[in-house]
Amino acid sequence: MASGQLSRDEALECSQCRHACHVMLYSNTASKLFGKIPIRHIVLMQMRFDGLLGFPGGFVDPSEETLEEGLTRELLEELGIAVPVSIEDHVESRFSTSPSASSSSNKLILHFYVKKMEEEQIREVEKAASSIASDHGLEVLGMVRVPLYTFESGGGLSCFLSHSFIGNARSQLIDSLLRLHLVSPKDIRRAIQSSQRMQEQTVQDLQVALELTEEQRKCL
Ligand code: APR
Ligand code: MG
């Protein structure tokens, strides 16, 4: 097992640990972008309250509910629909390595799930998430679909990957796209490399923006 990873059962033996469960919901689709580019799959992520991209889900207390019941409860709050998630959808459990989690005395274990749905169900989730979900506009700023294509110009998946993600959500996304064959290894590599170049451009853009605010401050 990869470092930091543990089985679902091993993870549950740690009674002192905190647990958080998140899920990647996805479906196949025949839709075409601009009427000609096949989208092939819909993969859902969310813009979180902290401005980071992540998967729906949250903290679960295994002394009061199973991991999957807790995840479904979190999905009701964040998506407005209690999407049922089962043990069969479990992909991995691992210790969080984020600095905030390490500073707490109780270790945080992250459980990740992937669930395939019908396109119609995904559309219902998107609709409910922006209308009846109690967390909408608060802990969840909106659901987003992941663009799985990369244009010659570099737009698409590469741009999406250059955003900021919570914890290891970016690795969870890339790992899932590869494992489920939603994007080929060659296309993922190309997107990541293009994304790395974009990061350099972002650093430069932010420097220009900073200089602009300095100039405006002097004028006040
Ligand atoms: N990879 C690693 N860590 C993650 C990931 C991920 N993909 N997704 C979330 N986390 C971490 C978060 O940093 C957080 O510490 O898991 C923990 C719980 O996930 P949330 O979805 O943020 O929890 P939720 O129950 O929905 O929100 C409750 O927790 O983040 C705090 O104060 C915040 O109000 C929020 C509260
Ligand atoms: Mg959450």
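What are the lysines whose alpha-carbon lies under 27 Å from the alpha-carbon of LYS116, with same-chain residues fewer than 8 places away excluded?
Correct list for LYS116: LYS32, LYS36, LYS127, LYS186.
Any idea which of GLN121, GLN46, HIS181 is furthest toward the positive side of the dipole for the chain, if Lys and Arg beta-carbons carry +1 and Asp and Glu beta-carbons -1?
After comparing all options, I get HIS181.
About its Cα centre, how strong a charge dipole does the stretch 5-219 have in debye, to the nearest 20, once Lys and Arg get +1 and Asp and Glu get -1 at the Cβ?
940 debye
Can you show me the helix-derived [θ] at 222 nm for the chain, built from DSSP H runs with n ≥ 4 at -39,500 (n - 2.57) apiece and divided by the number of residues, rounded to the nearest 500.
-12500 deg cm²/dmol, from helical runs alone.
Pull the list of the chain cysteines that no other Cys approaches to under 4.7 Å, Cβ to Cβ.
Lone cysteines by the Cβ rule: CYS21, CYS159, CYS219.
I need the trypsin sites (Lys or Arg not before Pro) found in the stretch 1-36, filtered to DSSP loop residues with at most 14 other beta carbons within 10 Å of theirs.
LYS36
Give the relative contact order (percent, whole number) for the chain; include only Cα pairs under 8 Å separated by 6+ residues.
Relative contact order of the chain: 23 percent.
For the chain, build the convex hull from the C-alpha positions and give me its volume per residue in Å³.
In the chain, the Cα hull volume divided by residue count equals 174 Å³.
For Cα pairs less than 8 Å apart in space and 6+ apart in sequence, what is the mean separation divided by the residue count of the stretch 1-103, i.e. the relative contact order in percent?
27 percent
Every number in this text was worked out from the coordinates using simple rules, so none of it is lab data. Fair warning: this is a prediction, and the values are worked out from it, not measured in the lab. Counting neighbours? That spans all protein chains shown, and the Cβs are built from the backbone with ideal geometry, glycine included.
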